[in-house]
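Once you've had a glance at the structure underneath, I'll fire off some questions.
Throughout, read-outs are computed from the coordinates displayed, never taken from laboratory work. If you're wondering where the values come from, they're calculated on a predicted model, not measured in any experiment. Quick reminder, even Gly has a Cβ in these numbers, built from the backbone with ideal geometry, and neighbours come from all protein chains shown.
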Amino acid sequence: MNIILLGPPGAGKGTQANRLVEERGMVQLSTGDMLRAAVKASTPLGLKAKAVMDRGELVSDEIVSELIDAELTAMDAGTGAIFDGYPRTRAQAERLDELLDKHGRKLDRVIELEVDEDALVDRITGRFTCGNCGAGYHDRYNLPQVEGVCDRCGSTEFKRRPDDTEETVRTRMQEYRAKTAPILPYYEERGIVSRVDGMASIDEVADKIDALLS
Ligand code: AP5
């Protein structure tokens with residue numbers, strides 16, 4: 001199964017993708033994570049992308065589509081893909097169709113997480129992740145079971161994203177409204193879009209997504 005998780009910053013795409021990876025053995029293809037890895041490794045691509053990401057704007061369609069192509073090439077053909085944060089523009093959506101064709105895959109479902117924008121700043125500015133395994137947490141909504149210790153790997157190192165400031169989040173939301181939300185009709189025409197209330201609890205959202213994929 002190949003699915004797209006769509007929604008504004010902080011909607012819960014990464015949270016739900018992580019769970020699907022653990023429970024269904026799917027592979028999460030997050031262009032945000034790929035770009036952050038390139039920034040961390042100071043590759044030429046990472047150096048180019050860093051300033052754009054820090055401003056909350058979109059990196060070029062060509063760069064992110066190449067990253068996705070490389071990941072699909074490396075993946076086992078029978079493993080399901082979760083596209084998290086890609087596509088984000090009409091050009092990326094069209095390119096994804098070409099890439100799916102090239103890799104012999106079919107898009108099964110686009111799941112839009114619907115959220116109240118006022119809650120997103122709160123979600124994003126409270127977010128932190130394990131510095132070792134990347135497990136995601138939140139200061140209020142999703143704390144580790146033992147304070148200061150990652151549930152998944154036991155690490156005590158945590159980090160926050162540099163683009164998780166209120167100002168940058170607002171730019172990221174504008175980018176979503178202007179460039180990403182308008183791609184929904186492209187998929188609606190095919191009857192593969194489902195909407196899930198992303199304001200429900202993490203477990204409730206997970207149950208709704210499971211019901212859609214069963
Ligand atoms: P990216 O990394 O994709 O960031 P984003 O889309 O802004 O999404 P986030 O990761 O911020 O949010 P999320 O929906 O995954 O929420 P999460 O699950 O963490 O992109 C970063 C940047 O890279 C972009 O700005 C752009 O510059 C560049 N980029 C990436 N892809 C690109 C592309 N295709 N084209 C061009 N540029 C690209 O949840 C947030 C918090 O809320 C967490 O703390 C979580 O614990 C909590 N939470 C989650 N669900 C719930 C819930 N139901 N109730 C309560 N709390 C919840």
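List Asp54, Asp118, Asp101 from most exposed to least, where exposure is judged by having the fewest other Cβ atoms within 10 Å.
In increasing order of surrounding Cβ atoms, one gets Asp118, Asp101, Asp54.
Turning to a different aspect of this structure: Which of the listed residues, Val115, Ala211, Gly32, is farthest toward the dipole's positive end in the chain, when Lys, Arg count +1 and Asp, Glu count -1 at the beta-carbon?
Gly32
Of Leu213, Leu6, how do they rank once you tally other Cβ atoms within 10 Å and put the fewest first?
Leu213, Leu6
Moving to a separate point now. Could you tell me the calculated FRET efficiency between Tyr186 and Arg140, based on Cβ-Cβ distance and R0 = 35 angstrom, to the nearest 0.05?
That pair, Tyr186 with Arg140, gives E of 0.45.
Continuing with the same structure: Under a Cβ-only charge scheme (Lys and Arg +1, Asp and Glu -1), can you give me the dipole magnitude of region 105-214 about the Cα centre, in debye to the nearest 20?
The calculated dipole for region 105-214 is roughly 520 debye.
Net charge near Ala200, counting Lys/Arg +1 and Asp/Glu -1 over other residues with Cβ under 11 Å of its Cβ?
With Lys, Arg at +1 and Asp, Glu at -1, the neighbours total -4.
Mind jotting down the distance between the C-alpha centroids of region 94-164 and region 51-70, whole Å?
If we compute the Cα centre of each part, the gap is 17 Å.
Can you give the extra length, in nm with one decimal, that the chain gains between Asp69 and Arg161 once fully stretched, where that is 0.36 nm per residue apart less the Cα-Cα distance?
Taking Asp69 through Arg161 to full extension adds about 30.6 nm, to one decimal.
Now for a separate question. What number, rounded to the nearest 500 deg cm²/dmol, is the helix-based mean residue ellipticity at 222 nm of the chain, given -39500 (n - 2.57) per DSSP H run of at least four residues and division by all its residues?
-13500 deg cm²/dmol, from helical runs alone.
Sketch the reach of a paramagnetic label on Ser201 as a point 7 Å from Cα along Cα-to-Cβ, and name the residues of region 7-22 whose backbone nitrogen lies under 20 Å away.
Counting backbone N atoms under 20 Å from the label point, the list is 11-20.
As an exercise, use a Förster radius of 35 Å and the Cβ-Cβ distance of Glu147 and Ala51 to find the FRET efficiency, rounded to the nearest 0.05.
For R0 = 35 Å, the calculated efficiency reads 0.50.
Please arrange Arg24, Arg36 by how many other C-beta atoms lie within 10 Å of their C-beta, fewest to most.
Ranking Arg24, Arg36 by Cβ neighbours within 10 Å, fewest first, gives Arg24, Arg36.
Something else: Write down the Kirkwood hydrodynamic radius of the chain, to one decimal in angstroms, obtained as one divided by the mean of 1/r over all alpha carbon pairs.
Computed over Cα pairs of the chain, the Kirkwood hydrodynamic radius comes out at 17.7 Å.
Let me ask something else. Would you please classify the overall shape of region 12-97 from the alpha carbon gyration tensor, given that a ≥ b ≥ c denote the square roots of the eigenvalues, rounded means a/c under 1.5, and beyond that prolate means a/b larger than b/c while oblate covers the rest?
prolate
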